[in-house]
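Structure first, commentary second.
The numbers here are math on the coordinates, done by the rules we state, and not lab data. These numbers were taken from a predicted model, which means no experiment stands behind them. Here the Cβ positions follow ideal geometry from the backbone for every residue, glycine too, while neighbour counts run over all protein chains shown.
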Amino acid sequence: MKTAEIAQRYLDYFEKNGHTIVPSASLVTDDPALLFTVAGMVPFIPYLSGDVPAPYPRAADNQKCIRLNDIEEVGKTPRHGTFFQMLGNWSFGDYFKEGAIRYAWDLLTASEAEGGLGFDPKDLWVTVYEEDDEAHDLWLELTDLPAERIQRLGKDTNYWSTGLPGPAGPCSEIFFDRGPAYGVDGGPATDDDRYVEIWNLVFMQYEITNVRSKYDFDIVGELPNKNIDTGMGLERIAFIKQGVDNMYETDQVRPVLDRAVALSGRTYGANHDDDVRFRVVADHVRSSLMLMTDGVTPSNDGRGYILRRLMRRAIRSMRQLGVEGPTFAELFAASRDAMKDVYPEVETDYARISQYALAEEETFLRTLAAGSSILEDSVAQTKRDGGTALTGAEAFLLHDTYGFPIDLTLEIAEEAGLTVDRAAFDTLMQEQRARAKADARSRKRQLADTSVYRDFRAKGETVFTGYTDLETESRVL
Ligand code: ATP
Ligand code: MG
Ligand code: MG
Ligand code: MG
C-alpha cells in the first residue's frame, strides 16, 4: 500500500464518519515562538484552547510536520523523521473517548477490502494513563484486546499538557508489535524498538492551574467542552504496511536513499554506520525540499539556519560515504519525483528550490575543502601529542579564517574521539567582537559619515534556541 493511499484511506474513513477534511497547514507557523508545525494540533490550537469557536464539530487532516528534536534519532531508529506527516482526527466538544477509541480500532483492523488498514488485532497493543480507568475499560469493552495488551503508564508518556494553565488530559497510544526478532517480549512499556508507536489519542478533559511543571499541576475540573486530538504517523503505518524495515525505505523516501547509494558506489545493508548515513541523507534531503517548498530559505538564523544545518548534515554524510563532489542535483530531483504526486508544488516550484539547494551545496563544499585538511592536521597533531582536546585557538582559526562553523568543528572532533576547548573558543570570539566594536567606534570618531561602516558592527554568533517541539520547549540545535 503506497503512502498516499494510506493517507487517502484515513481521510475517506473519517469523512464518511462526519469529519470535515482540512488541508495541511504550512510547515512554517504564524507564531514566531514556534518555528515549525511540530504536530497535527498546531493549526487547531485556537479551537482546542477555546479562544475561537471551531467552525466544525469534527475534522480530519494530513498535516506536514517538522521535528528537529528527533534529529539525533534519524536513521538510528526505524521511526523518526525530521519531516513526517501526521494524520489526525479532531472532535471539538463532540465525541470523546469512546468515539476516538472506536474509530481508531475500526480503521486499523477493518480489512483492506472494507477500506480499512487491515492490521491483525494480535499485533496491536495499547497504553493508557495509569489513572485513566475509563479509557482502560473502554478498550476492553469495545475491542478484542485482552487485558494483558493494555498497559498503564505514567504522565511522562501518557499525559498531554502545554505546561500552561488551560486544557490538559490523559493520552492513550497504540503500538504495533514487530515481533521477537526486534526485541524482548513485554509490551511497549519495555521496548520501543520492537513495539512501534503508531497512533496517539489525546483526551483533552481537564482544565489545569497552578502549573509547577509540565506534569505537576492542580486540576480545576472537567472542561465544559472536551476535545479529541489524535496523531497517527503516516510514515510509520507505511513502513509496516509495505513490509520494510523502517520509514526511510518507504515509497516516498527510498528513491533518495537509492540515489545516495548509487552515487556512493557502496552497498546499502552492508555496514551499520553507512546505513545510518544513507538514511540521514534521504531524510534530510526530503525535509529540506519540503521546507523550501513552504518558503524557508537558507540563512544564519531562525528557520533558515535550521534548513542550512539539515542540508549541511546531508552533505557531510555524503562525504563520509566517500563522495567529495556535488550530489544535490540528483538527490533533490529524486526527492521531488517521490513527493510530487502528493505535493505538486515541489515540482512547479522546483527551479527556485534547486537554485537554493545547489548554491548552498557549492558554498559548503568550498568551506569544507578549505577547512578540512587544516582540521585533520590539528586532530592528528593533538592525538600524536597524547591530547584529548583541540585548543580554542585552533577552533577559532578555522572559524575566523576558513568560515568553518564551530558546530562542525565540534562534530568532526567528536568523531575523532576528541573534545574542543569551547570556553577558550568563546573567549576568543568575545575578544574579536570587542575589537570589532572598538574599531568601529574609533572610525566613527574620525569620520562624519559613518554609514559605510555599518558592516563593521560585530556580528553576533548564531546559537539558536527556539521552540522546535511542543514537548521540549527549547533546545540548542
Ligand atoms: P515516539 O515516542 O515514537 O518518539 P511521540 O510520542 O514523540 O513518538 P507523538 O508526539 O505522540 O509522538 O506524535 C503522534 C504520532 O506521530 C506518533 O504516534 C507517531 O506515529 C508519529 N510521529 C511522531 N514523531 C515522529 C517522527 N519524528 N517521525 C515520524 N513519525 C512521528
Ligand atoms: Mg518522540
Ligand atoms: Mg511516544
Ligand atoms: Mg506519543
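For this structure, a couple of remarks:
- Prolate is the label for the chain, because a/c, from the alpha-carbon gyration tensor with a ≥ b ≥ c as root eigenvalues, is 1.5 or above and a/b exceeds b/c.
- Using R0 = 30 Å, the C-beta based FRET efficiency linking ALA329 and ASN271 works out to 0.70.
- Computed FRET value (nearest 0.05) for GLN8 with LEU358, which takes r as the C-beta separation and R₀ as 30 Å: 0.35
- 14 Å Cα-Cα reach of LYS437 towards aspartates and glutamates, excluding residues that sit fewer than 8 places from it in its own chain: ASP455
- Length available on full extension from ARG152 to LYS76: 0.36 nm per residue minus the Cα-Cα distance, which gives 24.6 nm.
- Here region 3-241 is assigned +1 on the Cβ of each Lys and Arg and -1 on the Cβ of each Asp and Glu. Its dipole about the Cα centre then comes out at about 540 debye.
- For region 223-238 versus region 367-413, the inter-centroid distance based on Cα atoms is 46 Å.
- Longest DSSP-loop-exposure-free segment, trypsin sites (Lys or Arg not before Pro), the chain, at most 16 other Cβ within 10 Å: 77-339
- Sequence-distant residues sharing a close amide H with VAL220 (under 5 Å, placed H): GLU207, ILE208, THR209
- On Cα atoms only, tilt of 328-339 relative to the major axis of the chain in degrees: 10 degrees
- Between region 161-179 and region 85-154, the alpha-carbon center distance in angstrom: 13 Å
- Site pair ALA380 and THR427 shows an inter-label distance of 3.0 nm when each label is modelled 7 Å from Cα along Cα→Cβ.
- Computed lengthening from ASP193 to ASP31, 0.36 nm per intervening residue step minus Cα-Cα distance: 54.9 nm
- Each of LEU418, LEU48, LEU358 was scored by other Cβ atoms within 10 Å of its Cβ. Arranged with the fewest first, they read LEU358, LEU418, LEU48.
- The long axis of helix 350-384 is offset from the longest Cα principal axis of the chain by roughly 60 degrees.
- Computed from Cα atoms, the angle from the helix 272-293 axis to the main principal axis of the chain rounds to 90 degrees.
- From least to most packed, judged by other beta carbons within 10 angstrom and beginning with the fewest, TYR129, TYR343 follow the order TYR343, TYR129.
- Residues SER378, SER24 in ascending order of nearby Cβ atoms (within 10 Å, fewest first): SER24, SER378.
- Amide N proximity, region 222-259 versus ALA110 label position 7 Å along Cα-to-Cβ, cut-off under 13 Å: none
- With 29 Å as the limit on Cα-Cα distance, the pairs of LYS97/LYS214; LYS97/LYS340; LYS76/LYS340; LYS76/LYS241; LYS76/LYS97 that go past it are LYS97/LYS340; LYS76/LYS97.
- Summing Lys and Arg as +1 and Asp and Glu as -1 over all other residues whose Cβ lies under 15 Å from the Cβ of PHE44 gives a net charge of -3.
- Förster-model FRET efficiency, 35 Å R0, ALA389 and SER299, C-beta, rounded to 0.05: 0.65
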